[in-house]
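Written below as structure tokens is the structure these notes are about.
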Amino acid sequence: MPTYTPTALLGALVLTTALAAPATPALNGAIWVADEAGSSLTVIDAATNKVRTTLTGVPAPHNVQLAPDGKSAWAVLGENAQAVKIDTRTYQVLGRVDTGRSPAHVIVSPDGRRAYVTNGADGTVSIIDAGTLKPLSTVKVGASPHGLRASADGRLVLVANLASNSVSWIDTQTGKKLADTAVGKAPAQVAFAPNGKNAYVSLRDENAVAVLDVATRKATGKVKVGPGPIQVIVTPDNRFVLVANQGTRARPGNTLTVVDAASLKVVADIKTGDGAHGVTVDPTGRYAYVTNTYASTLAVVDLQARRTVTVIPTGLSPNGVSFTPVSALPAGVKNLNLGQPADGGHDEHH
């Protein structure tokens, strides 16, 4: 398949010292961040770009995901082999559910009825009733499944299999795997374009993003990005693919790459902080939020100006990040008492 290399990198910026935290008053909502090494969740007010709440007692949360209605947040408890559901208005724990071993990411279907969890050590995806928190079934996918996302119409879930260099397609109507597609070295996360035409896969060990045709489930090309790309997402208008480049601890990546989806050209590399890992975008498409896992910060990126406008401290080693229209409550620190992680640490490179 053809390979596309970046041309001029427009709008490349250098982030120097800590930036002021300007308010974004047009935005209502909150950004939730999973602090894996800190065993906490950080909740940030989107209107002020200030931390409102730190939820402690959340052992090894690699990923956090807000439900489509914004009323609940889901996080994986990485070393407890569980997922937890939290009320975003009260911060009460609504329940926990057992998953497979080494759960990595959790998502909620667009209709809010199902949750899906990748089980890295088992090569499976758990399908969960999001209302009752009852396990429904388990789907065998590739080796070391990591990131996953649902299509906007809810018909497909796409899974990145880190150790088998493939993605798996799950039919949500039947709960069965449709196919595997070879994509390249160490796929870490996937993203669907909102219009459903294409999907994108970050290839951590190729410093690239693979492009997939959803209708044919075929890989159609690659775009070179920064070092060690991890999370990827598409803006709501389908125009841009955003890629967070983590690199390694010895040689950290520190940029958000912006790819024009039509031309498959890199149009900006925006500095965010060391270990850029997770990325999400607000519903208006104006701001992107990037977790910097080695710096323990969250960067707020103005996509119109193509620059980082502020950097917010989080807990240790932030990874997953998600946006909700439900505003953050000024609750300070709250201990959810979900236990402590077992000894053995976490894999910081995913």
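Remark: the chain carries 38 Å² of accessible area per residue (probe radius 1.4 Å; ligands, DNA and RNA excluded).
Apply the a/c threshold of 1.5 to the C-alpha gyration tensor of the range 226-350 and tell me whether it is rounded, prolate or oblate. It would help to have the intermediate numbers written out before the result.
Numbers: a/c = 2.10, a/b = 1.35, b/c = 1.56.
Oblate is the answer for the range 226-350, as a/c is 1.5 or above yet b/c matches or exceeds a/b.
Rolling a 1.4 Å probe over the protein heavy atoms of the range 206-336, with every protein chain left in place, gives an accessible area that is 51 percent carbon and sulfur.
Quick check on the range 52-155: take the gyration tensor over C-alpha atoms, sort the square-rooted eigenvalues as a ≥ b ≥ c, and tell me if it's rounded (a/c under 1.5), prolate or oblate. Oblate.
For the range 192-350, averaging the sequence separation of C-alpha pairs within contact (under 8 Å, six or more residues apart) and dividing by the residue count gives a relative contact order of 13 percent.
Per atom type, the range 74-137 shows carbon and sulfur on 45% of its accessible surface, probed at 1.4 Å. Exposure check, 1.4 Å probe, all protein chains in place: Asp180 carries approximately 80 Å² of accessible surface. Among the listed values (i) 0.99; (ii) 0.93; (iii) 1.07, the one computed from these coordinates for Rg/Rh (Cα atoms, Kirkwood Rh) is (ii).
For the pair Ala143 and Arg249, what calculated FRET efficiency results from E = 1/(1 + (r/R0)^6), where r is the Cβ-Cβ distance and R0 = 25 Å, to the nearest 0.05?
On the way: r = 24 Å, r/R0 = 0.95.
For R0 = 25 Å, the calculated efficiency reads 0.60.
Between Leu136 and Leu94, residue separation times 0.36 nm minus the direct Cα-Cα distance comes to 13.3 nm. Taken about its Cα centre, the range 24-91 carries a charge dipole of about 220 debye when Lys and Arg each add +1 at the Cβ and Asp and Glu each add -1 at the Cβ.
Taking Cβ atoms as reference points and 12 Å as the exclusive limit, the residues near Thr90 contribute a net charge of +2, counting Lys and Arg as +1 and Asp and Glu as -1. Each Cα pair under 8 Å and six or more residues apart adds its sequence gap; the mean of these over the residue count of the range 110-249 is a relative contact order of 14 percent. Look at the dipole of the chain built from charges on Cβ: of Ala104, Leu136, Leu338, the Cα furthest out on the positive end belongs to Leu136.
Taking the charge dipole of the range 43-175 about its Cα centre, with +1 at Lys and Arg Cβ atoms and -1 at Asp and Glu Cβ atoms, the residue from Leu162, Leu77, Thr54 reaching farthest to the positive side is Thr54. Under the simplified labelling scheme, the Ala152-Asp69 pair shows an inter-label distance of 2.2 nm, with each label point 7 Å from Cα along Cα→Cβ.
Please compare each pair in Lys140/Lys218; Lys85/Lys224; Lys218/Lys265 to a cut-off of 31 Å on the Cα-Cα distance and tell me which ones are over it. Please list the in-between numbers first.
Numbers: Lys140/Lys218 20 Å; Lys85/Lys224 37 Å; Lys218/Lys265 20 Å.
Result: Lys85/Lys224 exceed 31 Å.
Charge dipole of the chain (Cα centre as origin; +1 on each Lys and Arg Cβ, -1 on each Asp and Glu Cβ, all else neutral): 440 debye, rounded to the nearest 20.
The values are calculated or read from the model by the stated rules, or taken from the named source; none is laboratory data. Computed from a prediction, not measured in an experiment: that's the story for all the values here. All Cβ positions, even for glycine, are placed from backbone atoms using ideal geometry, and neighbour counts span all protein chains on display. Surface areas here come from the heavy atoms of the whole protein model, side chains and all, with no ligands, DNA or RNA. Shrake-Rupley method; radii C 1.70, N 1.55, O 1.52, S 1.80 Å.
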